[in-house]
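The values are calculated or read from the model by the stated rules, or taken from the named source; none is laboratory data. Note that the coordinates shown come from a computational prediction; the quantities given were computed from them, not determined experimentally. Counting neighbours? That spans all protein chains shown, and the Cβs are built from the backbone with ideal geometry, glycine included.
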Amino acid sequence: MLATARGRLELLALVRELRDQRRKLSVIEFGDQLHLAAQIARQFDDVGTQEREQFKVVLLDEYQDTSVAQKDLILSLFGQGHSVTAVGDPMQSIYGWRGASANNIKQFPAEFAKADGSAATELNLTINNRSGQLILDAANVVSEDLRAGAKPLVAAPHTEPNPKVQVAVFETAEQEIAWGADYIADHVERGTQCSDIAVLARSGGQVGFWYRELIKREIPVEVVGIGGLLEIPEVQDVVATLKLLNDACENPSLIRLLTGPRWRIGSPDLLALRARAESLLLGAETPKVGDRLTQALNKAVEGSDSVETLSLLEAVLSPGTQGFSPEAIERFEAFAQEFESLQTMVGQPPVELVSQIIRVSGLGVEVGVRSALGAGSDALDSFVSIADEFSALDGQVSLRAFMAYLSAAEDDANALDGAMPSASNSVKLMTIHKSKGLEFKVVVIPNVTHRYFPYTFKRRERWTVNAQALPFGLRGDKDDFPELSMLDDKKAHGEFKDAIDQLHHEEEYRLGYVAITRAESELVMTAHWWGLTQKTPYGPSEFLTKLKEVPGINAEIWCDEPKAESGKPTNPLLEREHHFLWPAPLDETEFQNRKVAAKAVLDAMTTPVQESVFASSQAQEWRRDAAALIEDAKSQYEPVREVEIPQAITASALIAISKDSSRFAADLVRPMPRKPVKAANRGTDFHTWVEARFGQRSLLDRDDLLGAADDDFVVADQQLRALQEAFSNGRFADRPPALVEAPIQIIISEQVVRGRIDAVYENPDGTWELIDWKTGAKKADPIQLAVYRLAWSKMRGIPLEKITAAFYYVTEDELQYPDVSELTEEALARILALEDD
């Protein structure tokens, strides 16, 4: 325990450093945001009062997934007998690893007591509107020990009247996956939509095997979540390239690429490659490589012993002439050319680099051919989306930061994953954690094998042996966890471990319940005795052995425990002879797909093309695609980051675009806080004073802000009083406007532009005058008035010629009518399009 405590102290230093860095960068995480919100709600009673006045009734959904901090926030805002209803299922509390407390919903009646102090009313909802009854029977069996007297689930009348549940046990994992893939293929052949089928795995490591089997059967498949994606072969190839670009000494990634079906480097050439790398390392010859690689290598070995740093990449880029086959030399040259072109993009956002890797490696073509032949896979598209959505703490989306993110995802994908399945017609492959809240007609749950599900290889971490675990006494939900009665008592530690294991056991059973209840009409759960590397048979877990006894559940496929005539049984997967060709041959299905695609190209090349084809819409689309690819290639040398303008902008933003569009885009990408300007505050106070003078107030006055009653919250100053006096003696002093702070909105070239007109005057002759108060220097931009005129004309149906607009400079009592005749809607649209007049 002392060593664990010392390790925890070291981690605390890192935590402090991380917090300091976030504070320095003025950024917060969701946890910080929640903590600050709860702190405000606890310290300022007015906050809760305002929220309760605004929201008379509060409904909390999925309450079993709330953390203690979320519960404290809600309790501070809506406690004290307010009308609050929480809906949740304790059996579906599966997010304990990210702070959710399964006991929150159990404690709700006492914590959210009625105004008279009595416990909140509790209702049991037992009617399930998703699953057929036999599926619910399976769920009830799994959750029986956790329900604590609660009634079992009953199917609603409209659910599937004849649901099917099948449990199956196979001799080997290969047989299990092949049977499951055939089962899904049969469903698809009989007309079941692929999107109505899901494979729910206990962990992401199983996803890759199922992916390959489904692709072999030409079943469209979507891998949901980064954890599963990292198990997909083509994604692994992209990641290997990224690792190599990030670290020139990432030898395992290079070996994966070189020995794959694309480069096909054999073992003799690999041995020669190692010898060449050792020669270069010992300085026998200076490699003939560019400065960029030299810099990358030097950076990679900073602070390390050069004797231990062997770079096979250095040898590939400078192979020399000795020891290699001619084919290897040719392939090394092609690899080097491709790799060095990718190095020029290392400074680009990860999404650009990932997209380029897919293009130059041909992976996109491979998947495209596969999709065209009916076995669609959008794994690469999903990975591109992950790269596109990635953002680092400091706002710099560098390759190094992205690789750190992928490394963290490999360790714990659940903690980082926020992906959801798309609407595409494909079988969904995902972990059970990702499936919560979803439903499918057909659900397959594989590897329900002893020790794998319920998972027992790794249990909930105990703070006594793991420095990363927070001692339970310091947690907000400490009452949910067992106490260690004596620190120096061996028996107490044993009892503590057993209690923690029991918590893990309950979490696994809740996870099983969630997986089963995703199914609407058909559920399949499978297991095996022998995995690829096991020396001990595992067999079905307690889930399957319990479900086998449920009336109505199909257990016809049930392989009995392996027996041996003498001694222990042996794994047939380890006993069989394995013959491999190295380098790895092309997959036969992939090879046939390539031949079909190549034949289509050759046929098109030898078939005379009618002149009309070049004028067709397809040809025009090709031209557009070609132009886009050319521009994309140019962007590698002239990097440009595209920035999407928000759906709605203000008139001030339009002015900013017209003055400096690059600066405006930079502010969108990384908005920086601006130093408070006293003059700007004074202008705001003046506008508020004018509203009050004419008896019209905006919905939120400055006096309504929290803290406005504090002694140091001073609204007026000497210059503000001078503005008020000047206005009172000016031309508008006794001229009440028809409207003040009139909101406007106009759509210019599909872009919403919003604003507020300070004062609107309707003249007796039917004309309108729009006035913008100015309390500062005379440097206002007429674009603002042009937007106001156009918006007022469109919103009120008034001809433009009957609307004038002016700036009123208060201190000078001066009215200016800028010429806005050329600032037409078309001219404003050109500004938004960043075009010159």
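Numerical summary
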read-out: So GLU822, is it exposed (fewer than 13 other Cβ atoms within 10 Å of the Cβ), in the same structural domain as VAL740 (by TED's automatic domain parsing) and farther than 18 Å from SER652 by Cβ; value: yes
read-out: Conditions (1) without any contact (Cβ under 8 Å) to a residue 24 or more places away in the chain; (2) on the phi < 0 side of the Ramachandran plot; (3) not hydrophobic (A, V, I, L, M, F, W, C): number failed by TYR211; value: (1)
read-out: Where a residue in the stretch 418-429 is modelled with pLDDT of 85 or more and its partner, wherever it lies, is surrounded by 14 or more Cβ atoms within 10 Å (Cβ to Cβ) and assigned to a loop (DSSP other than H, G, I, E, B), with Cβ under 6 Å and at least six apart; value: SER426/PRO220; VAL427/ILE219; LYS428/VAL224; LYS428/PRO421
read-out: Residue selected from the stretch 797-819 under the condition touching a residue at least 24 places away in the same chain (Cβ under 8 Å) and either over 28 Å from GLY776 (Cβ atoms) or small (Gly, Ala, Ser) (or both), by the criterion surrounded by the most Cβ atoms within 10 Å (Cβ to Cβ); value: ALA805
read-out: The stretch 1-22 residues that are among the hydrophobic types (A, V, I, L, M, F, W, C), paired with ones that are outside any helix (DSSP H, G or I) and surrounded by 12 or more Cβ atoms within 10 Å (Cβ to Cβ) (beta carbon under 7 Å, 6 or more apart); value: MET1/THR464; LEU11/ALA467
read-out: Residue match in the stretch 514-524 (condition: closer than 28 Å to GLY180 by Cα and out of contact with any Lys or Arg (no Cβ under 9 Å at 6 or more places or on another chain)); value: yes
read-out: Qualifying residue in the stretch 119-134 (condition: part of a helix (DSSP H, G or I) and of a type in the set (A, V, I, L, M, F, W, C)); value: yes
read-out: Condition met for GLU213 (out of contact with any Leu (no Cβ under 6 Å at 6 or more places or on another chain), buried (at least 18 other Cβ atoms within 10 Å of the Cβ), closer than 22 Å to SER422 by Cα and acidic (Asp, Glu)); value: yes
read-out: Selection count where residues are in a loop (DSSP other than H, G, I, E, B), surrounded by 14 or more Cβ atoms within 10 Å (Cβ to Cβ) and free of Cβ contacts under 8 Å to residues at least 60 places away in the same chain, scope the stretch 472-509; value: 3
read-out: Pairs, first without any contact (Cβ under 8 Å) to a residue 24 or more places away in the chain in the stretch 541-566, second surrounded by fewer than 15 Cβ atoms within 10 Å (Cβ to Cβ) and in a loop (DSSP other than H, G, I, E, B), C-beta under 8 Å, six or more apart; value: ALA564/THR570
read-out: In the stretch 715-737, residue modelled with the lowest pLDDT [restricted to those that are polar (S, T, N, Q) and surrounded by fewer than 12 Cβ atoms within 10 Å (Cβ to Cβ)]; value: GLN718
read-out: Complete set of residues in the stretch 186-205 that are surrounded by fewer than 22 Cβ atoms within 10 Å (Cβ to Cβ) and either among the β-branched types (Val, Ile, Thr) or under 21 Å from SER422 (Cβ atoms) (or both); value: HIS187, VAL188, THR192, GLN193, CYS194, SER195, ASP196
read-out: Residue within the stretch 554-566 that is more than 21 Å from ASP186 (Cβ to Cβ) and touching a helix residue (DSSP H, G or I) at 6+ places or on another chain (Cβ under 6 Å) present; value: no
read-out: Check on GLU366, over 18 Å from the mean Cα position of the chain (by Cα), at pLDDT below 80, outside the structural domain of ARG23 (by TED's automatic domain parsing) and of a type outside the set (Lys, Arg); value: yes
read-out: Residue satisfying all of: in the stretch 109-156; buried (at least 18 other Cβ atoms within 10 Å of the Cβ) and hydroxyl-bearing (Ser, Thr, Tyr); modelled with the lowest pLDDT among these; value: SER143
